1. Considering only residues that are away from chain A (no Cβ under 13 Å), surrounded by 14 or more Cβ atoms within 10 Å (Cβ to Cβ) and either out of contact with any helix residue (DSSP H, G or I) (no Cβ under 9 Å at 6 or more places or on another chain) or under 30 Å from B:Asp302 (Cα atoms) (or both), which ones fall in region B:160-187?
2. Filter region B:403-425 down to the residues that are in a helix (DSSP H, G or I) and touching a strand residue (DSSP E or B) at 6+ places or on another chain (Cβ under 6 Å) and list them by number.
3. Check whether at least one residue in region B:296-316 is farther than 18 Å from B:Ile209 by Cβ, open to solvent by 40 Å² or more (accessible area, probe 1.4 Å), of a type in the set (D, E, K, R) and more than 14 Å from chain A (Cβ to nearest Cβ), and report yes or no.
4. So is A:Leu36 more than 17 Å from the chain's Cα centre (by Cα) and at pLDDT 95 or above or not?
5. What's the number of the condition B:Arg288 fails, among (1) within 26 Å of B:Asp250 (Cβ to Cβ); (2) more than 14 Å from chain A (Cβ to nearest Cβ)?
6. Scan (1) modelled with pLDDT under 95; (2) in contact with a Phe, Trp or Tyr (Cβ under 8 Å, 6 or more places away or on another chain) for the single condition B:Thr126 breaks and write down its number.
7. How many residues does region B:371-387 hold that are under 17 Å from B:Glu417 (Cα atoms) and either assigned to a strand (DSSP E or B) or open to solvent by 10 Å² or more (accessible area, probe 1.4 Å) (or both)?
8. Give the residues of region B:133-158 that are in contact with a strand residue (DSSP E or B) (Cβ under 7 Å, 6 or more places away or on another chain) and buried (at least 24 other Cβ atoms within 10 Å of the Cβ), sorted by residue number.
Amino acid sequence: MSTTTTNGSKPAPHTQHTVVAIVEDKPGVLMRVSSLFRRRGFNIESLTVGHSEVEGLSRITLVVDGESAPVEQVEKQLYKLIDVVKVSDLSNEDMVAREIALIKIRANNVNRHELLDIATVFRADVVDIATNSIILQVVGDEDKIDGLIKMCEPYGIRELTRTGRIAMVRGTKTTTVHEAEPEKIARLHASQGRRVEGELPFASD
Amino acid sequence: MARMTGAQMVLESLQREGVDTMFGYPGGVVLPLYDTLPQFPGMRHILCRHEQGAAHMADGYARASGRMGLCLGTSGPGATNLVTGICTSWMDSTPVFALTGNVGRSLLGKDGFQEADITGITQPITKHNYLVMNAREIPLTIREATHIATTGRPGPVLVDIPKDVFQETAEFDWPETVSLRGYKPNVEGHAGMIRRAAELIDQAKRPIIISGHGVIWADAHRELVELAEKANIPVITTFLGIGSFPESHDLSYGWLGMHGMFYANMAADAADVVIGIGMRFDDRAMGRFKDFNPTAKIVHIDIDPAEIGKNFPTAVPIVGSAKNVLPRLTEQVKQQSRPDWIRWIDNQREEHPSLHIRESRRMLPQYVVRTLYEETQGNANIVTGVGQHQMWAGQHYFYNRPRQLITSGGLGTMGFELPAAIGAQVALPDMETWAICGDGSFQMTLQEMSVLVDEQLPVKMAIFNNGYLGMIRQWQELFYDKNYSSSGISQPDFCKLADAYGIRAIRVETKAEVPLAIKEARAYKGPILLDFQIDQEENVWPMVPAGASLAETIEAPAHELAR
């Protein structure tokens with residue numbers, strides 16, 4: 001599985017679809033999903049997997065090249081897998097889509113300050129620093145990460161890794177298999193320090 | 001609850017799911033299961049001679065009876081030999097349960113003797129599969145697997161069990177219900193869509209129903225007749241849909257596709273509304289997609305939502321079982337007579353009678369099939385291999401009930417006929433069962449003749465012997481300048497071979513002997529092989545050349561009709 005292309009080039013946004021699949025957390029489920037894409041000839045731009053808010057369910061976020069197959073077919077074929085519980089296409093939703101990149105750059109006493117300035121502009125964090133290198137961690141959409149990579153290239157990128165896109169619909173609507181949070185529980189969560197919807201800063205926008 | 005070994009749990013669970021017959025072959029890692037088998041006298045085990053045979057037998061059993069078929073193989077080669085059969089079931093959506101053993105848990109992934117990652121191998125060709133790592137999971141797994149195989153769009157499942165899990169002891173905990181949150185087939189059909197379909201059918205001037213295998217598996221053939229009769233809609237079937245609508249019915253116009261009837265192809269191409277029921281608009285049926293009847297509006301009724309819109313844009317999609325959808329559709333459509341449209345198709349059939357068999361002194365294969373039809377009064381179950389003989393069996397026998405023709409359509413698996421006929425005969429012991437065999441196709445699985453002898457199964461084998469891989473030769477003749485590269489095939493003396501197995505055989509060399517041989521085979525109580533020395537270079541017509549559209553269907557050329 002490839003993550004987002006690292007050379008900064010990517011298809012026009014309208015051909016990309018962000019599909020979220022809620023899947024049973026069972027051995028082989030990722031193989032089932034990836035094998036389906038291979039044999040049906042659907043191109044994956046990015047695939048990420050992690051736990052969801054429900055124990056026993058994982059959440060797969062796929063970025064699919066809509067030119068390679070009608071996204072409706074992708075969704076239906078995914079849903080046919082027994083271990084896939086729910087499939088949603090977030091593309092037409094107002095969504096937050098993010099990925100993380102770690103970038104190891106050649107850095108010395110001469111140019112380190114310049115790199116730190118660039119990092120500040122992109123709100124990237126310095127997560128490691130050594131005599132001849134630094135590692136930047138950046139969170140954002142693909143364009144932002146591509147932009148930072150481009151700025152770092154002249155200094156010499158020694159190593160790069162990206163997580164691929166994860167996404168979530170804004171507002172109360174969810175992509176989970178459960179009903180929306182009951183009001184009582186929502187209040188409980190709020191009392192424990194979670195910020196109420198609408199107050200969240202969209203930090204990287 | 002009781003403590004049981006894994007092997008006992010497997011057999012107990014299968015029995016609770018109604019399985020009483022298994023087709024299998026023993027091997028090292030399934031020995032614990034075979035050791036336990038005598039404790040379950042209600043479970044009949046039929047010993048195949050190659051696991052591919054076991055998988056086809058389970059498939060034939062399922063197709064003939066409508067019940068799930070079960071095949072069993074050991075790890076490694078036993079499991080991989082099942083693969084062709086599993087894929088055959090997958091392509092034709094038949095409920096087959098494949099049970100395999102694997103090496104002990106501590107050896108999994110270590111490339112131990114006879115280890116194969118069979119769940120990985122069969123992942124794309126099963127509806128679902130399982131590797132069971134604890135004996136206590138066996139009852140639930142078998143329940144789930146059976147549920148998946150037999151509901152919604154049926155399909156094969158595979159359950160792989162390591163040797164030491166068969167031997168492990170645990171509490172047998174039978175789950176009363178199965179609930180899979182990722183698997184909830186929608187059988188009902190959307191009321192609004194059914195209404196729209198009814199409106200479209202009412203307005204249609206030239207509607208046609210294309211009925212498929214799904215109608216048979218939904219057990220909806222009566223409901224289909226009611227719909228067709230009320231709205232006077234001509235019905236054609238897909239190749240696998242043969243039998244889903246009685247071919248003797250006035251509204252039946254045969255089947256469409258690459259070797260379908262000329263008038264069926266023309267009707268599909270001329271229709272203004274195409275109602276596909278339990279079928280998947282496959283390329284062999286529809287010809288070149290982009291040129292299939294571009295003005296037709298498509299109503300697609302299928303239980304698998306992924307089939308809708310896969311190959312053609314659909315005007316009215318209805319996801320549901322034909323069993324539920326058709327009565328509601330019948331209720332809502334208007335009674336109509338459509339005389340002009342029906343006359344148009346009748347004229348096509350009169351002008352292009354695809355099923356006419358010409359007078360000839362040669363033993364034409366079409367004549368053999370037709371004679372079989374007449375001798376059996378159309379009542380036999382027909383099981384075919386793959387190739388020319390398969391097409392002739394589909395064309396020149398007439399089928400009036402579902403499950404009467406058993407054939408590998410989607411995967412086109414040569415060698416299917418004999419083992420599938422064995423499965424069908426086991427499922428329906430009193431049914432006259434004919435395996436129509438190609439001389440090439442038969443040689444792929446002929447070792448299963450031993451099973452006929454072991455189990456005393458009265459399967460009638462009719463070999464269509466033309467000394468060629470006939471369909472290959474036909475393509476080479478028509479599209480490769482008669483370059484008959486590797487299509488001439490030598491064969492053993494099939495009669496001597498049958499004799500060696502202890503099976504009676506008759507060589508049929510002239511046309512005059514055909515009805516006599518068939519009569520004799522029917523009168524004989526046991527298995528029998530008829531070796532029909534058919535005309536060598538007969539071709540299957542009509543034909544839609546590969547990559548052509550249905551409108552380009554070609555009929556038998558004059559020089560061939562003069563032969």
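1. Matches in region B:160-187: B:Val187 only.
2. Here is the first cut: in region B:403-425, the residues in a helix (DSSP H, G or I) are B:417-425.
Within region B:403-425, B:Glu417, B:Leu418, B:Ala420, B:Ala421, B:Ala424, B:Gln425 meet the criteria.
3. Within region B:296-316 (the criterion being farther than 18 Å from B:Ile209 by Cβ, open to solvent by 40 Å² or more (accessible area, probe 1.4 Å), of a type in the set (D, E, K, R) and more than 14 Å from chain A (Cβ to nearest Cβ)), the answer is no, since none of the residues qualifies.
4. On the way: more than 17 Å from the chain's Cα centre (by Cα): yes; at pLDDT 95 or above: no.
Spelling it out, it is not the case that A:Leu36 is more than 17 Å from the chain's Cα centre (by Cα) and at pLDDT 95 or above.
5. With (1) within 26 Å of B:Asp250 (Cβ to Cβ); (2) more than 14 Å from chain A (Cβ to nearest Cβ) applied to B:Arg288, the lone miss is (1).
6. Going through the list (1) modelled with pLDDT under 95; (2) in contact with a Phe, Trp or Tyr (Cβ under 8 Å, 6 or more places away or on another chain), B:Thr126 breaks only (1).
7. Filtering region B:371-387 down to residues under 17 Å from B:Glu417 (Cα atoms) leaves B:372, B:380-387.
Narrowing the set further to residues that are either assigned to a strand (DSSP E or B) or open to solvent by 10 Å² or more (accessible area, probe 1.4 Å) (or both) leaves B:381-384, B:386-387.
The number of residues fulfilling the criteria is 6.
8. B:Ala135, B:Ile142, B:Ala145, B:Ile148, B:Ala149, B:Pro156, B:Val157, B:Leu158
The values are calculated or read from the model by the stated rules, or taken from the named source; none is laboratory data. These numbers were taken from a predicted model, which means no experiment stands behind them. When we count neighbours, we look across all protein chains shown, and the Cβ atoms used for this are built from the backbone with ideal geometry, even at glycine. Heavy atoms of the whole protein, side chains included, go into the accessibility calculation; ligands, DNA and RNA do not. Shrake-Rupley method; radii C 1.70, N 1.55, O 1.52, S 1.80 Å.
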